[in-house]
Amino acid sequence: MQAEANALLEDAVICPGAMRRPARKDRDSGVFDDRIWGVAMLGPCEPMTSRWPLLLSVVLLLLGCADGAPSCPFTGIADNAPSAGCFVVSAEGLLLVQGLNGKLSPPGGSSQPGESAQCTAFRESWEETGLRLQPRELLQVFDTGFHLYRCERDALSGDIDPPIRFEVRDAFFLPVARFNDYEWRFPDQELLLRKHVLDTIGNLSQ
């Protein structure tokens, strides 16, 4: 859902001071072609004021599709942190999110007032991946104050499907062998995350 919404934003054609109907770029030719949408072009540009009803409808639709975050299930001793996130390893690799700038990081973000670090990790991970991840033990505290928890997917979690919030471009599991294929939001964290993944895989194989 998030990926489709981001693609729509990237391919939209907007004229200064006016607006036209979004046109999908043909992936092979690189040409914008409204026929892909099955509609006729409305003209080079239309006054934005004439398009407000359509804009409002789109915004309301997106807001309606963005479900509210589930309540935090954490009941242990709460930690306090300015930000927190989840560390999750599967057979496919480490769970990561790709920001709108293309850079990778573990799912996570800033804490809300009165929110425990564990609940921040749970909420932010859900907002960025659509997964319900239960925070367990604290794995790492970075220089920024970011608390990274080892998390487990709970029984109510579905597959990766970020709600429409325009926070991330994508979310996926990435094997260590492909870490160097991407740019990282915090390059210093990449080496630590690599070590933690390898340690986790080693513990699981014992």
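Here, each number is a calculation from the coordinates, and none is a lab measurement. Keep in mind the model is a prediction, meaning the values are calculated, not measured. Ideal geometry is used to build each Cβ from the backbone, glycine not excepted, and the neighbour counts take in all protein chains shown.
Looking at the stretch 114-206, the chymotrypsin sites (Phe, Trp or Tyr not before Pro) that sit in a DSSP loop and have at most 16 other Cβ atoms within 10 Å of their own Cβ are 142, 166, 182.
I want the local charge near residue 76. Using Cβ-Cβ distances under 15 Å, sum +1 for each Lys or Arg and -1 for each Asp or Glu among the other residues.
Values: positive: 136, 150; negative: 79, 115, 137, 152, 154.
So the surrounding residues net to -3.
Of the beta bridges in the stretch 83-205, as assigned by DSSP with both residues counted there, near 75 percent are antiparallel. Placing a label point 7 Å from the Cα of residue 152 along the Cα-to-Cβ line, the residues of the stretch 79-104 whose backbone N sits under 20 Å from it are 79, 85-96. With 0.36 nm allotted per residue and the present C-alpha distance subtracted, the residue 199-residue 78 stretch has 41.0 nm of extension available.
Within 12 Å, Cβ to Cβ, of residue 175, how many net charges do the neighbouring residues add up to if Lys/Arg are +1 and Asp/Glu are -1?
Values: positive: 178, 194; negative: 92, 181.
Neighbourhood net charge equals 0.
Each of 103, 195 has some number of other Cβ atoms within 10 Å of its Cβ, and from fewest to most they run 195, 103.
Give, in nm to one decimal, the length gained when the segment between residue 140 and residue 159 is fully stretched (0.36 nm per residue of separation minus the Cα-Cα distance).
Working: separation 19, 0.36 × 19 = 6.84 nm, distance 2.56 nm.
This chain segment gains 4.3 nm when fully extended.
Distance distribution P(r), the stretch 71-206, all Cα-Cα pairs, bin width 10 angstrom from 0: 13, 47, 36, 5, 0 percent.
A cut-off under 14 angstrom between Cβ atoms defines the neighbours of residue 122, and their net charge, with Lys, Arg +1 and Asp, Glu -1, is -2.
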